[in-house]
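Worksheet for the structure shown next.
Where a number appears in this text, it was derived from the coordinates with a stated rule and is not lab data. The model shown is predicted, which means the values in this text are computed figures rather than measured ones. Don't worry about glycine lacking a Cβ; one is built from the backbone with ideal geometry, like all the others, and counts go over all protein chains shown.
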């Protein structure tokens with residue numbers, strides 16, 4: 001290191017000749033004014049490092065804030081932590097953090113798996129936005145934090161004020177269980193609840209809107225605005241990138257450019273008739289949208305309910321579809337409310353309760369009792385709104401119906417392509433939901449819309465980024481992809497992306513479905529990838545092509561030695577598909593393979609897998 005550091009005054013002549021515009025020179029002068037010798041040397045090294053790396057500068061405000069001494073800062077800031085599986089909790093947490101920052105409050109936003117648990121006891125105000133998955137499970141990114149807070153190592157939290165917003169789906173028995181569990185445990189550890197927990201159903205904004213407003217009011221009262229502390233610091237670039245022109249609330253009208261059936265129609269296998277399933281490969285143009293995605297991201301679609309379903313609701317309740325209905329400051333024809341704004345294909349507990357009152361049904365009221373949660377869950381899982389209306393007669397007005405139904409929400413589909421291979425396109429793998437019950441034909445909203453869409457149609461879409469489900473930055477790392485059924489979708493994009501990059505790491509895919517003849521999704525592509533060396537290993541599990549059922553978890557156990565060797569040599573592991581059964585069975589098979597071939601006990605195998613997850617080497621996109 002040189003013997004003496006330059007002073008701001010001594011460097012003034014150089015500034016006059018610097019290749020910078022006048023406003024940047026003024027910013028630089030303000031930044032260096034009053035800095036001591038060590039600070040100036042640090043700043044010069046920071047700038048030199050940027051010049052060598054070619055990286056975009058990060059905000060100086062962030063760079064100058066040391067990670068050490070959290071105790072000194074925690075009393076002046078709000079911490080927002082989120083655990084998100086499909087992106088909703090992340091979106092709300094980002095919204096809250098942005099509002100707090102705009103109000104002049106010091107705030108930091110962290111994903112749950114990035115939160116330093118050693119700082120928990122030093123927080124002054126902590127907001128947690130967490131989702132519940134499947135049967136009362138945390139999101140993958142929140143699993144470690146939840147276990148820490150629930151465990152013996154959690155500290156006493158006297159002096160910590162907190163609030164929890166839980167996200168869930170009331171069609172599952174353990175609705176918002178993780179938020180409730182976290183809320184209770186923090187209080188048990190001595191923390192003070194700033195205000196009541198929010199439990200948001202799929203119509204998230206109904207609960208999240210008031211909760212976020214109250215959160216901001218409480219934060220303003222509890223914390224001093226941070227604007228004064230940052231007034232002398234000038235960022236070298238905006239703190240956050242400019243928002244894209246198209247997003248969840250302003251979708252892009254993407255043109256459908258491809259729609260083909262991936263599997264064969266109904267056929268006979270071993271003397272039995274195979275169900276006439278319909279799996280579609282969908283291609284959408286993103287040209288002129290400005291939308292970009294990475295493998296692992298999802299495409300969101302704002303769906304329309306099937307016209308036949310809307311008509312059935314109107315006829316069952318004897319309502320006029322052209323009648324204007326005013327709700328929440330908006331007036332639309334009832335048919336438009338039911339087509340574009342209200343959920344018809346997913347039934348929720350609140351609507352069951354409302355219809356029980358309208359129908360004066362003792363049967364429905366019994367199902368709503370606390371000891372009937374399993375029976376209610378079965379009803380919600382296999383029943384649509386129209387089924388309830390037709391089975392239990394009840395009189396509704398148009399206004400009551402619109403108010404009682406949940407808002408229609410976007411559907412997310414894992415993107416089945418890489419932009420390095422397909423350019424300004426996004427490909428999807430979609431299972432068309434269509435079945436017949438005793439009352440008639442039923443459909444899924446988005447899947448039916450996509451299956452019936454014709455080339456040239458425009459569909460409202462947006463990108464939902466998934467930072468937890470990313471390819472390794474090091475292309476020499478091996479990857480293991482487990483994706484039965486339509487869960488194979490993101491792995492098509494993974495292989496395309498790795499091929500485009502010339503990644504040297506090996507790619508191993510495990511795929512399963514009922515029948516080889518009819519259900520082998522992207523068969524010719526995988527065979528071509530094997531032949532070209534883009535795919536290095538393919539293991540298949542067609543569950544109903546033999547007397548005993550074989551699933552991907554069975555293949556994992558069969559090849560446990562090879563799997564463990566890949567993991568020991570640095571492979572990344574990915575799982576995509578059904579959360580309720582498949583993901584749990586695969587997780588158990590992984591634990592068994594690690595225990596057996598790693599010579600570990602059950603607890604040590606669990607720690608090994610948790611460690612992979614913490615490293616970002618075990619990622620799941622389950623739904």
Using the alpha carbon gyration tensor of the stretch 273-366, what are the three equivalent-ellipsoid semi-axes (square root of 5 times each eigenvalue), largest first, in whole Å? 33, 21, 16
Calculated SAXS-style log₁₀ I(q)/I(0) at q = 0.11, 0.21 Å⁻¹ - the stretch 457-535, Debye, Cα scatterers: -0.34, -1.02
What distance in nm separates the two pseudo spin-label positions at residue 287 and residue 247, each 7 Å out from Cα along the beta-carbon direction? 2.7 nm
Treat the count of other C-beta atoms within 10 Å as a stand-in for reagent exposure and order 261, 280, 411 from fewest to most. 261, 411, 280
Scattering curve values for the stretch 479-622, log₁₀ I(q)/I(0), Debye with Cα scatterers, q = 0.16, 0.17, 0.19, 0.20 Å⁻¹: -0.84, -0.95, -1.18, -1.30
Sorted by average packing, counted as other Cβ atoms within 10 angstrom per residue and highest first, what order do 495-508, 546-559 take? 495-508, 546-559
Packing rank of 168-177, 93-102, 523-532, where each peptide gets the mean count of other beta carbons within 10 Å, highest leading: 168-177, 93-102, 523-532
Counting pairs of alpha carbon atoms under 8 Å apart in space and at least six apart in sequence, what relative contact order in percent does the stretch 345-442 give? 24 percent
So if each residue of separation counts as 0.36 nm, and I subtract the Cα-Cα distance between residue 549 and residue 467, what length gain in nm does that give? 26.1 nm
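Using Cα-Cα distances under 8 Å and only pairs 6 or more residues apart, what relative contact order does the stretch 168-212 have, in percent?
38 percent
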With Kirkwood's inverse mean 1/r over C-alpha pairs for Rh, give me the Rg to Rh ratio of the stretch 569-623, two decimals please. 0.97
At R0 = 22 Å, FRET efficiency that the Cβ-Cβ distance of residue 257 and residue 523 yields, to 0.05: 0.45
Along Cα→Cβ, 7 Å out, is where each label goes; now give me the distance between the ones at residue 403 and residue 420 in nm to one decimal. 5.5 nm
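If packing is taken as the mean number of other Cβ atoms within 10 Å per residue, what is the order of 595-602, 400-407, highest first?
Details: 595-602: 13.9, 400-407: 18.1.
Final packing ranking: 400-407, 595-602.
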Pairwise label distance in nanometres, residue 392 with residue 439, each label 7 Å out on the Cα-Cβ vector: 1.1 nm
Over its Cα atoms, what ratio of radius of gyration to 2.2 N^0.38 Å does the stretch 70-230 give? 0.96
